[in-house]
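The values are calculated or read from the model by the stated rules, or taken from the named source; none is laboratory data. All values reported here derive from a predicted model rather than from experimental measurement. Cβ placement follows ideal geometry from the backbone for every residue including glycine, while neighbour counts extend to all protein chains displayed.
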Amino acid sequence: MKIEKIMFIRPGQRYKEILLGPPMGILYLISVLRHRRPNSYQFELIEQALYGLSTEDILKRFRRFDPDLVGFSAVSMEAGEMEEIARLVKKEKPNCITVLGGPHASIFYDWALKNSDIDYVVIGEGEETFPELLEALEEDKPLDKVKGIAFMREGNLVLTEPRPFIENLDSIPFPAWDMVDFKRYSRVPTMTGWVLSHQWAFLFTTRACPFKCAYCHNIFGKKVRKRSVENVLKEIELLVNQYGVKELHIIDDIFNVDLARAKQICDEIVNRGIKVKIAFPNGLRADMMDRELIQKLKKAGCYSTVYSIETASPRLQKLVHKNLNLEKTKQVIEWTYQEGIITHGSIMLGFPTETVEEMHLSIRYALEAKLLRCWFFTVVVYPRTELWEIAKKAYPDLNLDFKHYDWAYLRYSSETPFYKLATGIELRKIWAYAYRRFLFRPKILLKIPFRYPKNLFHPRQFWEALKMYSTIMPNLKSIFQPGKKFLAQKLIFFSK
């Protein structure tokens, strides 16, 4: 079988306003294939949400490129759209090979393969697995010998031997950054909600997380693997010098898992005179920080951090195995604030067994900490996590049959979050209340214009903020009604 044209599709329109960034997994695969077999393949990359493409738009590009293989990368909340595109691809060209990779594929490979429009699933890291799968298909080698894949054979699921994690991350070539439309990405929401600079890029420096939070999957394993400091700096220099990147968003699971290494990276950025802004949309565990690292991050160009708190309930911290030192975290947030770095936090509301009082405890924690912004999410209970098992045990009467799972519930501000299904409590109202309490405080409204960089407040960012607030406050009248009633008592022209 001859494979010359490979089209990668990153599906997803429904959730285009959240968590948008370059498709790192795909970019790594393209780079690996270029290095292993130079000039052997033509590549086409389709990013549906980035360009606002309809399924018909994708089909037009599919017909024009006429690929031999289509590779999808998707997270679970994009699974429904991925399946629809795969169906149309197979209908258009039945002999086109379809392969699915990414987080959804790695955990729900059997679920993905129930859709007969997906031929193969790559499980876990794909940099070694995907090239071997292509080689097996092209040279008619036994697919059973390719580690880390799943497929159907005569109606039966075939799951091959697991692929070991890649120990030497320096052996992986840098992502195919030439495939990225940097200017386009500067005009869309990011994981932090904005960018300070027009040319920005994601950066991985490690893989895996050593902790065992009940709501997470184990996609990269628990043994942290680190790129060498020199390897990281070479990619930064490439991005800055060749692609004009002025801002990096570091998206490790935990960048500061090795404090000495994290400090060394900061020192090297300064010593080499690299002028770049740095943001952490995730990747910093607060109770593992020290003040010296915060100072070095600031000196290296860091202007924004997000600290994942999740819950201020000691009971829930223990239940979900986060085990965050809440007092240390509050201190680290204050240190970060004092260094002039924009401080963000994230809180999850609606854990299984969580009480309303515990939710308010988390909200109060966010109000008391030196946070300039806080993201409040409704808990998503993913199948095949420990949190799923906790939920089943806590709510035995709730139908948590994976076979009937609706991926539409996998959104962090769901209209019908899991907690309401389980308890009947209107979690959406608590979620909106949390945002109102946090955002509409005089000290926050007064600090933001002075603490945030001025060019964050251009019209596009203001418009994006309004769109976000409209989801929190669908009825603005109800928000301002108390103020109107107060003024009506004092001012004649407000009287009816």
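Here are some notes:
- Annotation note: Cβ proximity below 8 Å between a residue of segment 371-395 that is farther than 11 Å from VAL320 by Cα and a residue that is part of a loop (DSSP other than H, G, I, E, B) and of a type in the set (S, T, N, Q) (sequence gap 6+ or interchain) occurs for PHE377/SER413; THR378/SER413; THR378/SER414; VAL380/SER414; ALA394/THR353.
- Scanning segment 51-69 for residues that are hydrophobic (A, V, I, L, M, F, W, C) and either over 23 Å from LEU33 (Cβ atoms) or over 29 Å from the mean Cα position of the chain (by Cα) (or both) yields a count of 3.
- Residue count for segment 129-162, restricted to those that are assigned to a loop (DSSP other than H, G, I, E, B) and touching a residue at least 40 places away in the same chain (Cβ under 8 Å): 1
- Residues of segment 340-352 that turn out to be surrounded by 17 or more Cβ atoms within 10 Å (Cβ to Cβ) and more than 19 Å from TRP375 (Cα to Cα), as a count: 1
- Of all residues in segment 367-376, one or more are modelled with pLDDT of 70 or more, under 25 Å from ASN282 (Cα atoms), part of a helix (DSSP H, G or I) and in contact with a strand residue (DSSP E or B) (Cβ under 9 Å, 6 or more places away or on another chain).
- Test set (1) part of a loop (DSSP other than H, G, I, E, B); (2) surrounded by 15 or more Cβ atoms within 10 Å (Cβ to Cβ); (3) under 17 Å from the mean Cα position of the chain (by Cα) - PRO175 fails condition number: (3)
- Residues of segment 31-56 that turn out to be among the small types (Gly, Ala, Ser), under 17 Å from LYS5 (Cα atoms) and either part of a helix (DSSP H, G or I) or in contact with a His (Cβ under 7 Å, 6 or more places away or on another chain) (or both), as a count: 1
- For segment 183-240, filtering for residues that are β-branched (Val, Ile, Thr), closer than 20 Å to ARG261 by Cβ and in a helix (DSSP H, G or I) leaves 3.
- Which listed residue, of LYS298, LYS277, is over 24 Å from TYR435 (Cα atoms), in contact with an Asp or Glu (Cβ under 6 Å, 6 or more places away or on another chain) and buried (at least 19 other Cβ atoms within 10 Å of the Cβ): LYS277
- Test for ASN256: is it without any contact (Cβ under 8 Å) to a residue 24 or more places away in the chain, part of a helix (DSSP H, G or I) and polar (S, T, N, Q): no
- Total residues in segment 318-337, condition in a loop (DSSP other than H, G, I, E, B), touching a Ser or Thr at 6+ places or on another chain (Cβ under 9 Å) and surrounded by fewer than 18 Cβ atoms within 10 Å (Cβ to Cβ): 0
- Hey, GLN264 touching a residue at least 12 places away in the same chain (Cβ under 8 Å), of a type in the set (S, T, N, Q) and in a helix (DSSP H, G or I) or not: yes
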